[in-house]
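A quick write-up on the structure given underneath.
The values are calculated or read from the model by the stated rules, or taken from the named source; none is laboratory data. Small disclaimer: the values here were computed from a predicted structure and weren't measured. Cβ atoms come from the backbone with ideal geometry, glycine included; neighbour counts cover every protein chain shown.
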Amino acid sequence: MDGHCFVCADGQSPSSNRAICIDCREGFVGTGGTCDVACQAGSQPNGNRTACASCVTGEYSTDGNLCLRCTANGYHTPDGTSCILCADGSRPGFDRTVCDECGEGEAGTDGTCQLCAPGTQPSGDSTACDDCAGLTFSPIGAFCFDCDHPNVVNEERTSCVSCQPGYGPNDDHDGCAQCEGVYYSPIGECQVCHQPNVPIAGRTFCSPTVCNPGTTCLIDTCNEASDCADCDGKLTL
């Protein structure tokens, strides 16, 4: 240098020995050779350190030095000064300025939401997926529905179906059992086949007896006359 004094450029200030100009230190900006403006939380120095720039949506700054991206499970406060983890049962909104409740069929903790599996539903506070209980089922994990009689639920509680003809719900209504004795089932519910009719065709129909006079049905189902046995001297009506 030739001994003359020069004004440092905007965004710079003299070094400690005033021999050179250096960039404004972290978190500070200025013009006219000074760097005496400290950026506040929620902002950072712009690219040439001449002014403070607010953090963009989705970012935050606690010290005015550098804007950081908010964690994937959190949201930044409106002033951009902090990033807060979303509460259980919620997750960050699209622009990360608020937390949104988990959607239908979802539950989670620590700012995350996951779909519930079939056979379950979200808990009341959407923090966990609860198994469907009793005679309820959930085909897609959104809600446990009642399985109305005479239908039955499967073990996984994912479906509610009717029993096939000849069968009806078991005592717990979580499976099907074949009709027995004088019962038959044309549509998946066992019902009484009143005498003199008898269950036939695998207990799917209740039909007038196929037995000839002097014979009777001694087995569960007589589908034709040859299935009948003699009455051994007793009268058939």
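The residue list Asp146, Asp171, Asp110 contains one member that is at pLDDT 95 or above, loosely packed, with under 15 Cβ neighbours inside 10 Å and either in contact with a His (Cβ under 7 Å, 6 or more places away or on another chain) or not small (Gly, Ala, Ser) (or both), which is Asp146.
Residues in the stretch 18-32 that are surrounded by fewer than 15 Cβ atoms within 10 Å (Cβ to Cβ) and closer than 14 Å to Cys67 by Cα: how many? Of the residues in that region, 1 qualify.
Each residue in the stretch 50-71 was checked for being over 41 Å from the mean Cα position of the chain (by Cα) and part of a strand (DSSP E or B), and 1 of them qualify. Among (1) within 26 Å of the chain's Cα centre (by Cα); (2) over 30 Å from Ser126 (Cβ atoms), where does Arg91 come up short? It fails just one condition, (2).
Please go through the stretch 33-75 and give me each residue that is basic (Lys, Arg) and buried (at least 21 other Cβ atoms within 10 Å of the Cβ), ordered by number. Outline the logic, then answer.
Just the residues of the stretch 33-75 that are basic (Lys, Arg), to begin with: 49, 69.
Hit for the stretch 33-75 is Arg49, nothing else.
Restricting attention to the stretch 76-95, the residues that are surrounded by 14 or more Cβ atoms within 10 Å (Cβ to Cβ), in contact with a Ser or Thr (Cβ under 7 Å, 6 or more places away or on another chain) and closer than 16 Å to Cys55 by Cβ add up to 6. Kindly indicate whether Asp95 is within 30 Å of Tyr60 (Cβ to Cβ), at pLDDT below 95, out of contact with any His (no Cβ under 9 Å at 6 or more places or on another chain) and assigned to a loop (DSSP other than H, G, I, E, B). Spelling it out, Asp95 is indeed within 30 Å of Tyr60 (Cβ to Cβ), at pLDDT below 95, out of contact with any His (no Cβ under 9 Å at 6 or more places or on another chain) and assigned to a loop (DSSP other than H, G, I, E, B). Among residues of the stretch 26-49 that are part of a strand (DSSP E or B), those with a beta-carbon under 8 Å from a residue that is surrounded by 20 or more Cβ atoms within 10 Å (Cβ to Cβ) and among the polar types (S, T, N, Q) at least six positions away or on a different chain give the pairs Ser43/Ser61; Gln44/Ser61.
Kindly indicate which of Ala142, Ala177 is assigned to a strand (DSSP E or B) and small (Gly, Ala, Ser).
Working: Ala142 fails: assigned to a strand (DSSP E or B).
Sole residue among the options that is assigned to a strand (DSSP E or B) and small (Gly, Ala, Ser): Ala177.
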